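A.B. asks: First the structure, then my questions, so here it is.
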Amino acid sequence: MGLEAKSEALTDTLIEEIEEFLDYLRMHRYASIHTVAAYRNDLLQAGKLFTSVNLTAWKDLNPDQMDRYLVSLGPPLAQSTAQRRMSSLRTFLKHLKRQGRGPTMELPRSAGFRKKKAIPKALSIELLTKLLEAPDVAQASGIRDRAMMELIYGAGLRISEAAELTLNALDHEQMAIRVTGKRDKTRWIPVPAESWGWLAKYLETARPLLQKKGSDRVFLSNRGLHLRRTTFALKLQEYCRMAGLPDEISPHILRHTYAVHLLKGGADLRVVQELLGHESIATTQVYTQLDYEEVKRRYKAAHPRK
């Protein structure tokens, strides 16, 4: 079904510029059919509302009309849907502005529709231990998986950082690793003795059995190749099932757990920020909510007046 057939209420000008933008996404941004379809739906929804308030060309869009659109994105519309629709419209209008065909008004930000950051999940020591003990360490692959989980938790690594880790990034004398994270920011991270012990055992006994040809990556697949992050994520789900844990636990939850355990142990927030490689302290502060909830729970349990 053509775009025109689905949007009879829109003017030819509104339709033509939407069509041109969708072509741009396909031809220059190599967008998938699903992405193009999502933009089409969002822009048609916006176009129909703007048509109802007498907009005939995108360049004539004014703040009052935009305010009407923003109101339409409120409840009961899901916040995630509102965020996506606003983002689609902003991207489209910015495209028109770059070509000198967009509205002169300042485009609204989409931050107001963003979901609040969820408090990260964290595993208790008991559940963490069950998960770490799930791999069969009689097998080389099991030692590898145990070492990788130990390192992600013990050093608070992103799964991509663990997967990309190279042998020359390991400081055996200091029991520390050099990690290059987002925006090519490098940080040194000390590794707990028990986690380092499993890493050392893997390097000494298991990695030589997995290696088929020269590779500087620390973690190798069963075929001796680079162990992909997606492969490890699937393995983690399998170990969760074996340990009786929810299989939606992701490698990132091990990183969350690291941060939460450090903070509950009294670590300074700035130190945790540096260890996690967060650019902004605000990103790290979300973990303090967990500490507050724990303090509140203990207070209510202990205080005589509840």
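The values are calculated or read from the model by the stated rules, or taken from the named source; none is laboratory data. This one's a predicted model, so the numbers in the text were calculated from it and none came from an experiment. Every residue, glycine among them, receives a Cβ derived from its backbone with ideal geometry; neighbour counts consider all protein chains shown. With ligands, DNA and RNA removed, areas are computed over all heavy atoms of the protein, side chains included. Shrake-Rupley method; radii C 1.70, N 1.55, O 1.52, S 1.80 Å.
A.B. asks: Evaluate the Debye formula for region 129-248 with equal point scatterers sitting on the alpha carbons, no solvent, and hand back log10 of I(q)/I(0) at q = 0.13, 0.14, 0.22 Å⁻¹, in q order, two decimals.
C.D. replies: Log10 of I(q)/I(0), two decimals: -0.47, -0.55, -1.38.
A.B. asks: In degrees from 0 to 90, rounded to the nearest 10, what is the angle of the helix 79-98 Cα long axis to the longest principal axis of the chain?
C.D. replies: The answer is roughly 60 degrees.
A.B. asks: Over the chain, what is the mean sequence separation of C-alpha contacts under 8 Å (at least six apart), divided by residue count, expressed as relative contact order in percent? Please report the intermediate quantities before stating the final value.
C.D. replies: Working: 343 pairs, mean separation 46.2, N = 306.
Result for the chain is 15 percent.
A.B. asks: If all Cα-Cα distances of region 71-200 are sorted into 5 Å bins from 0 onward, what percent lands in each bin, rounded to whole numbers?
C.D. replies: 2, 8, 13, 13, 10, 9, 8, 9, 10, 8, 6, 3, 1, 0
A.B. asks: Enter the mean projected area of the convex hull around the alpha-carbon atoms of the chain, in nm², rounded to one decimal.
C.D. replies: 22.7
A.B. asks: Now a separate question. Kindly rank 22-29, 38-45, 187-194 from highest to lowest mean number of other beta carbons found within 10 Å of each residue.
C.D. replies: Numbers: 22-29: 13.0, 38-45: 18.9, 187-194: 14.5.
In decreasing order of mean packing, 22-29, 38-45, 187-194 become 38-45, 187-194, 22-29.
A.B. asks: Also, I was wondering about something else. Considering only protein heavy atoms, with the full assembly of protein chains and a 1.4 angstrom probe, order Glu17, Glu173 by accessible area, largest first.
C.D. replies: Details: Glu17 25, Glu173 160 Å².
Output order, biggest surface exposure first: Glu173, Glu17.
A.B. asks: Suppose R0 equals 25 Å. What FRET efficiency, 1/(1 + (r/R0)^6) with r the Cβ-Cβ distance, do Ser87 and Ala233 give to the nearest 0.05?
C.D. replies: So, using R0 = 25 Å, E works out to roughly 0.40.
A.B. asks: Work out, in µm²/s and without decimals, the Stokes-Einstein translational diffusion coefficient of region 30-83 at 20 °C, 1.002 mPa s, Rh from Kirkwood over C-alpha pairs.
C.D. replies: 174
A.B. asks: With a/c under 1.5 counting as rounded, go ahead and sort region 55-104 into rounded, prolate or oblate using the C-alpha gyration tensor (a ≥ b ≥ c being the square roots of the eigenvalues; past the cut-off, prolate if a/b is larger than b/c, else oblate). Let's see the in-between values first.
C.D. replies: Working: a/c = 3.63, a/b = 1.65, b/c = 2.20.
It is oblate, given that a/c is not under 1.5 and a/b is not larger than b/c.
A.B. asks: To continue, here is another question. What's the extension gain from Arg223 to Glu274 if we count 0.36 nm per residue and subtract their Cα-Cα distance?
C.D. replies: 14.9 nm
A.B. asks: In addition: State to the nearest 20 debye the size of the charge dipole of the chain about its Cα centre, where the only charges are +1 on K and R beta carbons and -1 on D and E beta carbons.
C.D. replies: Its charge dipole is roughly 500 debye.
A.B. asks: From a point 7 Å beyond the Cα of Lys182 in the direction of its Cβ, which residues of region 243-264 have a backbone N at a distance under 19 Å?
C.D. replies: Residues 250-260 qualify, since their backbone N sits under 19 Å from the label point.
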